[in-house]
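Below is one structure, written out as structure tokens; comments come after it.
The values are calculated or read from the model by the stated rules, or taken from the named source; none is laboratory data. Everything quoted here is computed from the prediction, not taken from an experiment. Glycine gets a Cβ as well: all are built from the backbone with ideal geometry, and neighbour counts include every protein chain shown. Areas reflect the complete protein model, heavy atoms only, side chains present, ligands, DNA and RNA absent. Shrake-Rupley method; radii C 1.70, N 1.55, O 1.52, S 1.80 Å.
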Amino acid sequence: MNLVVASRHETPLMRFVVEGPWEDGDALKLAYFIKAAIARVREERVLLDLRRVKTPPGSQGKFLICDRLRRALYPHVRIGLVTPPELVEPVPPAANDGADVAVFSAEHEALRWLRVPVRA
């Protein structure tokens, strides 16, 4: 994985800011990286910022991160994904066996959905 992932525990959530070139297979690796990180701090709310991730030249696919996150993480976890919506696949329907994932264009929208007070 060629992505650079910065993580920070900001009670009551865990924040991940990702940057770099996206490659096939990065979605699953990133999902398991996040799973390990939130298990260490025992958080259930995640803010994942992919706005600095670059698509490889000539690529036409989507990041496929929503499904990977939903499947890799536990049902009680809520993930607010901040990214241009055109770069990710549609969010799969919520299921009892996976995390709750939602895509947002702006960080303040994701924080509101995660029920985190937005700082001025």
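Does ASP67 count as under 20 Å from ASP97 (Cβ atoms), of a type in the set (Asp, Glu) and surrounded by fewer than 21 Cβ atoms within 10 Å (Cβ to Cβ)? Step through it out loud before you land on a result.
Details: under 20 Å from ASP97 (Cβ atoms): yes; of a type in the set (Asp, Glu): yes; surrounded by fewer than 21 Cβ atoms within 10 Å (Cβ to Cβ): yes.
Yes; evaluated as a whole, the condition is true for this residue.
Failed condition for ALA94, given (1) small (Gly, Ala, Ser); (2) open to solvent by 60 Å² or more (accessible area, probe 1.4 Å); (3) modelled with pLDDT of 90 or more, with all others met?
(3)
Only one residue in LYS62, LYS54, LYS35, LYS29 is under 23 Å from ARG112 (Cα atoms) and not polar (S, T, N, Q), so which one is that? So that I can check it myself, show each step before the final result.
Working: LYS62 fails: under 23 Å from ARG112 (Cα atoms); LYS54 fails: under 23 Å from ARG112 (Cα atoms); LYS29 fails: under 23 Å from ARG112 (Cα atoms).
Residue meeting the stated conditions: LYS35.
Of all residues in the stretch 1-15, how many are crowded, with 21+ Cβ neighbours inside 10 Å and without any contact (Cβ under 8 Å) to a residue 60 or more places away in the chain? Write out each step before concluding.
Within the stretch 1-15, the first condition is being crowded, with 21+ Cβ neighbours inside 10 Å, and the residues that meet it are 13-14.
Keeping just the survivors that are without any contact (Cβ under 8 Å) to a residue 60 or more places away in the chain gives 14.
Residues flagged as crowded, with 21+ Cβ neighbours inside 10 Å and without any contact (Cβ under 8 Å) to a residue 60 or more places away in the chain within the stretch 1-15 amount to 1.
Checking the condition of a type outside the set (A, V, I, L, M, F, W, C) and modelled with pLDDT of 90 or more, which residue from LYS62, LYS29 passes? Before the answer, list the steps.
Values: LYS62 fails: modelled with pLDDT of 90 or more.
Unique residue meeting the criteria: LYS29.
For ARG112, all conditions in the list (1) open to solvent by 40 Å² or more (accessible area, probe 1.4 Å); (2) under 16 Å from ALA6 (Cα atoms) hold save one; what is the number of the exception?
(2)
Give the stretch 16-54 a look and list any residue that's open to solvent by 50 Å² or more (accessible area, probe 1.4 Å), in contact with a helix residue (DSSP H, G or I) (Cβ under 7 Å, 6 or more places away or on another chain) and closer than 18 Å to PRO90 by Cα, or say none.
LEU28
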